[in-house]
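The values are calculated or read from the model by the stated rules, or taken from the named source; none is laboratory data. Just so it is clear, the structure is predicted and the values come from calculations on it, not from any experiment. Positions of Cβ are backbone-derived with ideal geometry, glycine not excepted, and every protein chain shown enters the neighbour counts. Surface accessibility is based on the protein's heavy atoms, side chains included, excluding ligands, DNA and RNA. Shrake-Rupley method; radii C 1.70, N 1.55, O 1.52, S 1.80 Å.
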Amino acid sequence: MDISKLLLDFRITSHCNLGCDLCFRNPGIKDSSLSSALNVINRMYRMGFRRIGFTGGEPTSRADYINLIEYAKQMGFMTYLSTVGHRFIMDHERLNQVLDWVGMPIDGIDRHVNTDIRSDKMSNQHRVIKNILTWLPDNNNRINIKLTTVVSQSNANLLSDIVSWVENLPYKIHAWRFYQFCPLGLGKKKEIN
């Protein structure tokens with residue numbers, strides 16, 4: 001197997017304060033030090049990995065997350081960040097130099113659907129995505145944009161509306177991945193039957 005073609009998911013933090021029902025993070029796990037995280041990147045490169053995705057929790061909640069991405073890019077990795085996008089515009093100038101892909105969720109285009117699938121704190125996620133895709137055309141973006149949508153009984157009949165809404169925004173995305181709702185905890189009552 002050619003592991004250089006595989007994407008290594010590197011969970012750099014378990015911290016996130018969004019409380020999404022479908023989250024698979026492990027709260028309470030202490031973040032590793034910057035030097036330990038850099039050592040992991042080195043070891044993975046020596047093993048032959050060339051594609052690395054930074055995940056969490058919410059990876060941007062870690063203060064040095066851009067340092068990790070910069071280090072991986074300098075080593076020769078293709079870099080990917082899985083985030084809700086709340087810091088994307090603020091951090092774009094630095095990320096634009098070192099990040100190849102960013103994946104951000106959009107599960108609905110109204111507060112009710114976003115809250116039902118994720119949490120109250122994610123109720124405005126459609127606005128976060130709209131702000132980013134409206135801001136990007138004028139900002140020399142080099143980062144490929146991938147959207148992700150979790151499909152559940154809350155949005156299964158609304159997928160064409162979500163797609164149309166995104167297609168009408170001024171920036172055209174590079175990829176979109178739809179996931180089956182994978183229930184954890186309270187999320188079990190929201191799965192598609």
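A few comments on the model shown:
- Among LYS121, LYS30, LYS172: highest mean-square fluctuation, GNM of the chain, C-alpha pairs under 10 Å: LYS30
- Based on Cα contacts under 8 Å between residues 6+ apart, the chain shows a relative contact order of 21 percent.
- For segment 107-154, the solvent-accessible area of protein heavy atoms averages 45 Å² per residue (probe radius 1.4 Å; ligands and nucleic acids excluded).
- Only DSSP H runs of four or more residues enter the estimate; each adds -39500 (n - 2.57), and after division by the residues of the chain the mean residue ellipticity at 222 nm equals -9500 deg cm²/dmol.
- Pair-distance distribution P(r) for segment 40-131, from all Cα-Cα distances in 10 Å bins starting at 0: 16, 43, 27, 13, 1 percent.
- Separation between Cα centres of segment 138-158 and segment 54-126, rounded to whole Å: 12
- The Cα atoms of the chain define a convex hull whose projected area, averaged across directions, is 11.4 nm².
- Protein accessible area in the chain, 1.4 Å probe - carbon and sulfur %: 50
- Extension gain (nm, one decimal) between ASN141 and LEU6, 0.36 nm per residue minus Cα-Cα: 46.1 nm
- Label zone at LYS30, where the point sits 7 Å out along the Cα-to-Cβ direction: segment 60-79 residues whose backbone N lies under 17 Å: 63
- Additional length obtainable on full extension of the chain from THR134 to LYS172, 0.36 nm per residue less Cα span: 12.7 nm
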